[in-house]
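Remarks on the structure that follows.
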Amino acid sequence: MKETVVRAGDRLVMDAVRRSGPWPAVLAVAAIGGAAAELALPYVVGRTVDGFVSARPGTASWLAACAVIVAGIMLCESAGVWARGASSAYAAARLRLSVLRHVLGVGPAATRRFPEGELVTRAGLNAEEAGRAPEAVTGALALLVPTLGALAALTLIDPVLTATLVAGIALILFVLRAFLRATTTIAGGYQEVQGEIAVRLVDALGGARTIAAAGTADRETRRVLAPMDRLRAHGMELWRANASAGVQAGLIVPLVEVAVLAVGGLRLAAGELTIGELYAAARYAVLGAALSTSLGYIGGLARARAAAERVAEILGLPTTRYGTRLLPATHPPAGTSAAPAGRGTVDFRGVTMPGLAVDELVIPAGSVTAVVGRSGSGKSLLAALAARLADPAGGTVLLDGVPLPELDRAELRRAIGYAFERPVLVGDTVGAAIGLGADGQGVVAAAATAACADGFIRRLPGGYATPMADTPLSGGERQRIGLARAFAQGERLLVLDDATSSLDTVTERQVGTALTADPRGRTRLIVAHRLTTASRADRVVWLEDGRVLGHAPHHELWADPRYRAVFQGPQELGGSDGRGGDLS
């Protein structure tokens, strides 16, 4: 499994290089141009030196050529600096966008696999580090140009010098390979601890009010920062790996240069080299050993590989796949306001998944169905399956006779509205958060009215146009906007997962009345904890340990003491008649 992730990370690195726009090409041209100029410079300088020594005519032209080459090297360096920054920014932005789209395509399964802080770290910091791959790869490869050019030039001067340089380059490549492998592993550990700290910080921010009320800020700070010792240890390992490789390369490079000069000196003494050729050979030895200066690029590539492995784990999550089918067109009986036959029928057939097993269950079209059960009985799982926020491991869920996975994505989301216990409101304004693309202000206002949210929204400074960032909301107000969003979206099915838990009794009753008397005749599936909600429903699905113990009207199930025990508490059992009323 680890090897698979590593290969996926390396593929992601190469993909970042290939798809970073024009900048890697600009960087490559600048690097190759600069390397070619550096290769030409020793030869030109050698000819200039020989010209001055022997007083040859035309030496001034060689001197002018030296100046032109130096200017070209400076120009290539400037273009390379610009291209490195641009390529990294482009690659990181593209990778972040890919991660964001993929996470949204995976849906809730992404947060079940990775905590929120881990997702943020991988989509932010790790994507940025992986985005530096084009700079690292191009820079490292560009250093091969002067090395190969130096080998070719030395071969033209004297093949014996080439053999000496090849031996030194082999040692440098061995050091770089070991450094890349070690640094990739250490950087991966460093990034893993960063993600762990981010997870703890996000958890602490989510419970900030509880921490403040309990007076445990100091203890929570220590908990969040507890991994810092391991982070420091990984940082020290990175420093030692860099220092060790730097020392090794630093020892090899002068040895290579001395060896080339020694051999060249012997050839000069034998009359087989000129002074200018010996100078050129010395310069080519320096250029040939330039691979030793790639430690920075190799370190960047190691960090990019480690980060890409972490990003690849997210991109490897399977996305939710959709079909192309549409729901059957249905129409209400002429002259009536009843729900169309079959419009909103939900059918569970042999559904199995961890925590839930439903052999056969049909939610009739246009009905109000409450889902009740003890904590952990599978209520939210059933609701998520009905809205296709999750897919079963076995069996299928159908809406109006069409399996949910076969539905077109837009058709599915148009047909089903979902309200959560703790809704996250997405949109620039309050109206946009409710509508999410719904046509017409009338639809938004009607949905808000049904959710008992229209009154407090109109009291806001800008009404429905008030920016969400400027709208402080209580838990109940946020939940009512979430309800309004579901009312505005779902054309056939409304799924409410404990979506009225923060409402006061009066508001909850008003919302319940709106649900019961929905003029659009939609099917309503409500995860309920309150007795009054169950008593108002047409039918109740009673779950226990992930299995359906009963599916019948509330008053019929009330005869079973196990069903009554679901609604624990003397305030609901002692004086209740099973219809949400008071016997006294």
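The values are calculated or read from the model by the stated rules, or taken from the named source; none is laboratory data. In this text, all values refer to a predicted model and were calculated from it rather than measured experimentally. Please note: Cβ atoms are built from the backbone with ideal geometry, for glycine as well, and neighbour counts cover all protein chains shown. The accessibility values were calculated without ligands, DNA or RNA, using every heavy atom of the protein model including side chains. Shrake-Rupley method; radii C 1.70, N 1.55, O 1.52, S 1.80 Å.
Remarks
- Some residue of region 514-521 being modelled with pLDDT under 90 and within 38 Å of the chain's Cα centre (by Cα): yes
- Hey, residue 417 assigned to a loop (DSSP other than H, G, I, E, B) and either of a type in the set (Gly, Ala, Ser) or modelled with pLDDT of 85 or more (or both) or not: no
- For region 532-554, taking the residues that are open to solvent by 50 Å² or more (accessible area, probe 1.4 Å) and assigned to a loop (DSSP other than H, G, I, E, B), the one that is nearest to residue 372 (Cα to Cα) is identified as 545.
- Annotation note: of 548, 527, the sole residue that is more than 36 Å from the chain's Cα centre (by Cα), modelled with pLDDT of 90 or more and closer than 19 Å to residue 355 by Cβ is 548.
- Candidate set: region 18-71, residues that are in contact with a Ser or Thr (Cβ under 7 Å, 6 or more places away or on another chain) and within 28 Å of residue 84 (Cβ to Cβ); chosen: the one modelled with the highest pLDDT: 66
- Residue 482 vs. criteria surrounded by fewer than 24 Cβ atoms within 10 Å (Cβ to Cβ) and either of a type outside the set (Lys, Arg) or in a helix (DSSP H, G or I) (or both): no
- Of the set (1) part of a loop (DSSP other than H, G, I, E, B); (2) under 22 Å from residue 546 (Cβ atoms); (3) open to solvent by 20 Å² or more (accessible area, probe 1.4 Å); (4) not acidic (Asp, Glu), all apply to residue 427 but (2).
- For region 152-187, a residue qualifies if it is surrounded by fewer than 19 Cβ atoms within 10 Å (Cβ to Cβ) and within 10 Å of residue 284 (Cα to Cα), and exactly one does: 152.
- Among the residues of region 153-164, some residue qualifies, meaning at least one is modelled with pLDDT under 85 and small (Gly, Ala, Ser).
- Pairs with Cβ under 6 Å, 6+ apart, first in region 392-408 and in a loop (DSSP other than H, G, I, E, B) and modelled with pLDDT under 95, second surrounded by fewer than 20 Cβ atoms within 10 Å (Cβ to Cβ) and of a type outside the set (A, V, I, L, M): 393/352; 400/328; 400/342; 408/324
- Residues of region 445-497 classified as farther than 27 Å from residue 368 by Cα and modelled with pLDDT under 85, total: 6
- Tallying residues that are under 25 Å from residue 191 (Cα atoms) and touching a helix residue (DSSP H, G or I) at 6+ places or on another chain (Cβ under 7 Å) within region 204-232 yields 7.
Results for (1) more than 22 Å from residue 286 (Cα to Cα); (2) open to solvent by 40 Å² or more (accessible area, probe 1.4 Å); (3) not in a helix (DSSP H, G or I), shown as yes or no for each residue.
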| site | (1), (2), (3) |
| --- | --- |
| 223 | yes, yes, no |
| 230 | yes, yes, no |
| 236 | yes, yes, no |
| 246 | no, no, no |
| 268 | no, yes, no |
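- Total residues in region 96-117, condition aliphatic (A, V, I, L, M), surrounded by 18 or more Cβ atoms within 10 Å (Cβ to Cβ) and modelled with pLDDT of 90 or more: 2
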